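Here's the structure we're looking at; comments come further down.
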Amino acid sequence: MLYYLIRRFTSLLLTLALSTIVIFMVMEIVPGDPALIILGIGATDETLAALREQMGLNLPLMTRYLQWVSGVLVGDLGTSYTYSVPVSELIAERSIVSIPLAIIALTLSTIIAIPTGILAASKRGQIADTGIMGLTQLGIAIPNFWFAMLMVYVFAVMLRWVPAGGFPGWDQGIFNALKSLVLPAVALALPQAAILSRVTRSALLEALGEDYIRTARAKGLTRSMVLWRHALRDALIPVLTIMGLQFAFLLAGTIIIENVFYLPGLGRLIFQAITQRDLIVVESSVVLLVASVILINFMVDIAYALVDPRLQSERS
Amino acid sequence: MSELGIDRSHQIPDERETWRHFVRKAMRNRSFVIGAIITSVILFTALISFIWTPFDVTKLEIVNRLKKPDWVYWFGTDHFGRDMFSMIMVGSRNSIAVAFVAVAIGLAIGVPLGTLAAARKGIIEEILMRFNDLVFAFPALLSAVMITAIFGPGAVNAIIAIGIFNIPVFARLSRSAAMTIWPREYVMAARVAGKSSTRITIEHILPNIANLLIVQATIQFSLGILAEAGLSYVGLGTQPPMPSWGRMLFEAQTMIGFAPHMALFPGIAIIFTVLGLNLLGDGLRDLLDPKLRRER
Amino acid sequence: MLSIQNLSLDIGNTSILKDIDLKIEQGQVMGLVGESGSGKSMTALAIMQLLPHSSTTTGQINFDDINILDSDENQMCNLRGDDIGMVFQEPMTALNPVKTIGEQIAEGIRFHTGASGKDARERAIEILQQVGLDPMQYGLDRYPHELSGGQRQRVVIAIACAMQPKLLIADEPTTALDVTIQAQILELLQKLVEENNMGLLLISHDLGVIADTADEITIIRSGEIIECGPTMEILRNQSHSYTRQLAKASTHVPVRKTRPVTASTSKKRQTEPLLQVTDLICEYPTKRKSLFTKPKPFRAVDGVTFDIYPGQTLALVGESGCGKSTLAKTLLQVHRPHSGEIVFENKNLLNSNRKEMFAARRHMQIVFQDPYGSFNPRHKVGNIVSEPMHLVNRKATQDELIKALLQVGLSADDLEKYPHEFSGGQRQRLAIARALITKPRLIIADEPVSALDVSIRAQILDLLNELRDNFQISYLFITHDLSVVRAFCDDVMVMNSGKIIETGSVTKLFDNPKDEYTRQLLAAAPDLQRTLGTKPI
C-alpha cells in the first residue's frame, strides 16, 4: 500500500508541476501588457519601462517562472494590479464564500444521490426505479444556471424567502449568510446529484451481477443483505471516482453560479480578473483551484486503497 | 466428416447482428425511440431555420417588445421585440455546430492517442496518462473561460475550449476499451500473422470499440451543448447578433421579474435537446454494448 | 432426501428442462452428466431457486418434507446455505474480493445460527481445517486474491459446508482447475460426504470425473433425462445409444493411416528436424515491489530445448502457469525471448529482421483454444481465413480460400458468413482453415479441443488426424488433457515451472514415468477406461 501511495504521490507532484508550467505559459501569451493595464493608456514610455523593470517583467522567462512558483510555495502570491492588495488576501477573502458553497453543494448532492441510487438499484424495473431514473435524466439535462434563475424567480421574486443575490458576509450572522448560499448550493448540487445517483445505481447493478453475489445468495443471505453487505462496498469505487471528478465540476460551476447570484467568491474573482486582465490574480487563483482538484483526486486514490484490499497488499 | 450437419443445430447469437434485427430491437427500446425522435426534431428545426423562420431575428421592433406568448409570437418576444421562437430556431444551429465540432475534435485527437497508448504501452502510455491527469486537473469550464479570455470570446474559441476537454475523455475511453480487445485471441492471430500494431488497431481494435465511442460521443455532444450555453451565458461564447440559447438566458436574467417567458423557453430548448441526446445515448448503449445487455 | 418429479423449466419462451426426475439419498454421490446447454446447471439453480427472473417452473422438488417450488423467499433463504449448500465452477470470481475469507465463511454461520462474531469465527476456523486449509497459514484475515485457484475453491466449499448441509450441489467444481488440484478437490468432496453423511449432486461434463466419484449417474441431454442408475452399471452396459456415444467420444482414438513419427524413429532415419529449439529462456518483467530493489524478472520459460520432426506430433503437457503458452508465443515470434535459438526449416528466426523472419515463418501456424474469442466478430470468414497470408504479403485467392474451407469440412458458401453464424465445433474448423491457408508444415495447437464438448472434440481430433495423414503436418500439441495426448500424439514433453522435466514417446512415458511430477500428473488425471476396468460395480 505504501508503494502504491508513493507512486500516486509522485504522479501528483508531477501533475502539479506541469500544471504550473501550463498556467504560467498561458498567462505569458495572453495579449496585454500588465504595466500598461496598471498605468492606463495615458502613461509615458519612460514610466512604463520603469514599472516593467520594477515588476521584473524584463527578466528571463525561466527566472520569472521560478520566482512565481517559489512565491506561491511560501504563500506570497504577489499584488493584484487592479485592487492593489496582496493576492493572498483577496483569495482568502473570497474563499470563505466559495469553499462553504462547494462543501454544502457536495454534501447535498451526496445525501440526495446515494440513497436514491441504492433505492433505484434495489427496486430495479419497478416504479421507484423508473421514477428516479426519469428524474435524474431531467436533472442531468437542466443547465444549472437556468435552474438557478428559475429558483430566483420562484423563491426570491415571487415568495421573497431568500435574497435574489449578493452575500452579506459571515459577520452578519451565520443564518443570514447561509440563507444566501442555499439557492446557489442547490443549483450546483442538482445536476451533480442526478449524475451521482445514476452512477450509484449502475455500479450497484454491476456489482450485483458478479459471481460472488451468487455465492452469497447460496449462503442463504437475502436479496437486501447481499446488496448492503456485498455489492455496496464494491460499488463504492466508481462512486468515489465520480465524486472526485464532481469536485472539479463544482469548482468550475461556481464561476457561473456565483455570477448568477452576485456572490463574491473565487469563481467570480477569476472571472472578473480575466476580464480586467489582472493576470497575477488569475494565475494564482487558477493554480490554487487546480491544486485542490489534484489533491482531492489523490484523496480519492487513498480511499481506493482503503476500500480495495488488492491495492493494500504489495503482492497483487 | 459426414456428421458435419450435427453441430449446425444450436447456433449461438453473438455481438454481431444483422441490420434488420438491430432495427427491430431498436424499435422496442423506449429510450432509443424517444431520444431519436427528439434529436431528429432538433436537427430538423436547425435545418429549417436556414430557409425559414417565422420572423427575421435580426430585425428589432421595439414596439413589439416583451410580448407574452400568443398566437403570433409563439414564445413571446424579447426586450428588442425579436421573436423568441425564431431566435430559438436559429440558436439551435449554433448549439449543434459548436457541440458537433467539439466532439469531432475530441474523437479526431483522443481516439488515435488512446489506441496508440494501448498498442504501444510503455513510455507513450505513461505520457498520455500524465497528459490526461493534467487536463482533468483543469475543470472544463475553468479552462474554457481561460481560453476564451485569452483568444477573445466567440463561437470558434468556445469550440476549441470545449473540444480540448473532450480529447482526454475519448483518449481515456479508447485506451481502456482497446486494452480489453488486445488480449483477445483474434488479435493474437493477427500478431501471429505478422501484422503491425497500427494495422491491428485499424482492422481489429477500432471496429470493436466503435460502439462505445458512438455512445460516448452522444454524451459528450449533450455536455457540449450545456457547456456552450454556459459560456455564452457568461458572455464568452457566441457573440451577438447571432442568437444563442445561453446568451438569451443571460439577457433574460435582468428581466426575470417581469418577463419570465424570456428565461423559460431557451432553458426548455436546452433541456429538451440534452434530454433527447442522453436518451439516445442510453438507448444506443443498451443496443450496442453486449456486456450491459445481460440480465440476472 | 431430495426428490425431483416432472420438473419442467422455461426461460422466456424457450424450454430448458422437460420432465426431469431425480432422487438423491443421504451419503450418496449423484453425478449429473451432460454436454453444454443440456440444462444441468439450470437443474441445480432450480433446486436452489436462484433461477433468472423470467423463468417458470412446473413439477415438484421435494427436500425432506419441504416443497421447494411452493416455498417463499424467506423459507428458501433459511434452506440455502443451511440444509443445501452450493459450490460453483469459477473459484476466481466466486468470492468477494473486498472481504476476508473469514468474514465470508462466518457470514452464513451468523445468519443461520445467530451466533456471535467470535463463535462464528471459531467455527470458521474448524471448517477451514476440515477443507484442508491450515488456519495458521491461511488465516481468516486473508483476502481471496492472496490464495490460488485451488485454495479459493476450498474456501467456496467451506462456505457451502459451513452449516453441515444435508445436500451439497457442486456445479463443475473442478473444471477451472488443474488435474492435480482437481483430484484433491474431488477427494475432499468425497471425504466431506463420508464425514457429514451428506448427499452430493456433482455436475460435470467429464465422464471420467463422474465415473471416479459418483455412486449414481444421471445423463441429461437437451433438458431431458436419458438414463440414470448406478454409475458402473450404466457406464459398462452402455445400453442407451446416447450413453454409448458419449463414452465412445470420451475415449475416441482417431484412426491413423500413416505410421507414427516419433523422435527416435526420425533420428534413426536421419531426417532433418523441422524445428530446433535450443536453450530458450523467456522472461517477463514483474511489478516493482519496493522503491529500492529492482524487480526480478519472472522466468516463464527456463532453458527449453527440443526438436520437432516432419510429421511428428509432439504433445506439450503441463498445468496452468507452467509456461506452455509463453513458449508457443515465443515460437511464433510474438514474444521476444531473453536468449536461446529457434531454427525453423534451417533458418534462425531470431537473428533475421522482421520481414525475413515472418516470410520464413509462414509454414508455422497456430490454432487457439477458444472457438468463440479467436475471430473478429466484425469480419467475414473470407477475411478471417485470409489473415495469415499477410506473412507472404498478399491476399489469399478465392480458390485458396475455398480449398482451405473444403479441407476442414466447411463449404464455399461459408465465405460470406460471420463467425457468429457457426457453432463451436464449426468455429474450430474455421480456426484450422485459417491455419491451413499458408500450407503450413507445423501447426501449434494451443488446447485446440479443451473448450469443446466430447462429441465435437472427437470430430476435431479426426480432422487434425486426417490433415496429418494427408499433408505430413507436424503438430506441437499443447494440452493439459492426458487422455487426448494418449489418443492423438506421438511424443510427449512434460513441462513444470518453465522447465521440460521429461520427454519420451507417449507409450513409454505413460507406462513408465520416470519423474515424480509426471507420475503425479498421470495418477491425478481421470481416465474413464482405467476406472471402468478396475472399479467394482
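Of all residues in the stretch C:341-389, those satisfying the criterion of being among the small types (G, A, S) and within 12 Å of chain B (Cβ to nearest Cβ) are C:A359, C:A360, C:G373, C:S374, C:S386. For the list (1) touching a residue at least 60 places away in the same chain (Cβ under 8 Å); (2) under 22 Å from B:N208 (Cα atoms), I need the number of the one condition that C:V385 fails. Condition not satisfied by C:V385: (1). Within the stretch C:42-49, identify whether any single residue is outside any strand (DSSP E or B), among the hydroxyl-bearing types (S, T, Y), touching a residue at least 60 places away in the same chain (Cβ under 8 Å) and closer than 30 Å to C:Y143 by Cα, and answer yes or no. Checking the stretch C:42-49: not a single residue is outside any strand (DSSP E or B), among the hydroxyl-bearing types (S, T, Y), touching a residue at least 60 places away in the same chain (Cβ under 8 Å) and closer than 30 Å to C:Y143 by Cα.
Residues in the stretch C:220-271 that are in contact with a helix residue (DSSP H, G or I) (Cβ under 9 Å, 6 or more places away or on another chain), closer than 23 Å to C:N6 by Cα and among the aliphatic types (A, V, I, L, M): 3 in all.
Condition first: buried (at least 19 other Cβ atoms within 10 Å of the Cβ) and within 12 Å of another protein chain (Cβ to nearest Cβ). Now tell me which residues in the stretch B:169-181 satisfy that.
Going through the stretch B:169-181, the residues buried (at least 19 other Cβ atoms within 10 Å of the Cβ) turn out to be B:169-175, B:177-178, B:181.
Within the stretch B:169-181, B:V169, B:R172, B:I181 meet the criteria.
Yes/no matrix, rows are residues, columns are (1) touching a residue at least 40 places away in the same chain (Cβ under 8 Å); (2) buried (at least 19 other Cβ atoms within 10 Å of the Cβ); (3) at the interface with chain B (Cβ under 9 Å from one of its Cβ atoms):
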{"site": "C:E400", "(1), (2), (3)": "no, no, no"}
{"site": "C:K403", "(1), (2), (3)": "no, no, no"}
{"site": "C:G409", "(1), (2), (3)": "yes, yes, yes"}
{"site": "C:P419", "(1), (2), (3)": "yes, yes, yes"}
{"site": "C:G425", "(1), (2), (3)": "yes, yes, yes"}
{"site": "C:L442", "(1), (2), (3)": "yes, yes, no"}
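Can you find a residue in the stretch A:117-134 that is within 12 Å of chain B (Cβ to nearest Cβ) and closer than 22 Å to A:M243 by Cα? Yes, the stretch A:117-134 has at least one match.
Filter the stretch C:50-86 for residues that are of a type in the set (V, I, T) and either in contact (Cβ under 8 Å) with a residue 40 or more places away in the chain or closer than 25 Å to A:Y212 by Cα (or both); which is farthest from the other protein chains (Cβ to nearest Cβ)?
Out of the qualifying residues, it is C:T58.
In the stretch A:11-58, the qualifying residues are those that are at the interface with another protein chain (Cβ under 10 Å from one of its Cβ atoms) and hydroxyl-bearing (S, T, Y), and the one that is farthest from B:R130 (Cα to Cα) is A:S19. B:N94 - would you say it is over 30 Å from A:V300 (Cβ atoms) and buried (at least 21 other Cβ atoms within 10 Å of the Cβ)? Considered against the rule, which asks whether it is over 30 Å from A:V300 (Cβ atoms) and buried (at least 21 other Cβ atoms within 10 Å of the Cβ), B:N94 comes out as yes. Per the listing B:I209, B:I225, B:I202, the residue uniquely within 14 Å of chain C (Cβ to nearest Cβ), among the aliphatic types (A, V, I, L, M) and farther than 22 Å from B:F22 by Cβ is B:I202. Filtering the stretch A:210-233 to residues that are part of a loop (DSSP other than H, G, I, E, B) and either outside the structural domain of A:S122 (by TED's automatic domain parsing) or not hydroxyl-bearing (S, T, Y) (or both) leaves A:E210, A:K219, A:G220, A:L221.
Can we say C:P371 is in contact (Cβ under 8 Å) with a residue 12 or more places away in the chain and closer than 21 Å to C:S474 by Cβ? So C:P371 does not fit the description; no. The strands (runs of 3 or more DSSP E) located wholly in the stretch C:455-507 that include 2 or more residues which are surrounded by 22 or more Cβ atoms within 10 Å (Cβ to Cβ) and within 14 Å of chain B (Cβ to nearest Cβ) occupy C:474-479.
Among the conditions (1) buried (at least 24 other Cβ atoms within 10 Å of the Cβ); (2) hydroxyl-bearing (S, T, Y); (3) more than 24 Å from B:P243 (Cβ to Cβ), the only one that B:S143 does not satisfy is (1). In the set (1) more than 9 Å from chain B (Cβ to nearest Cβ); (2) in contact with a strand residue (DSSP E or B) (Cβ under 9 Å, 6 or more places away or on another chain), A:R214 fails one condition alone, (1).
The values are calculated or read from the model by the stated rules, or taken from the named source; none is laboratory data. Since we're looking at a predicted model, the values are computed, not measured. Here Cβ is always computed from backbone atoms with ideal geometry, including for glycine, and neighbour counts include all displayed protein chains.
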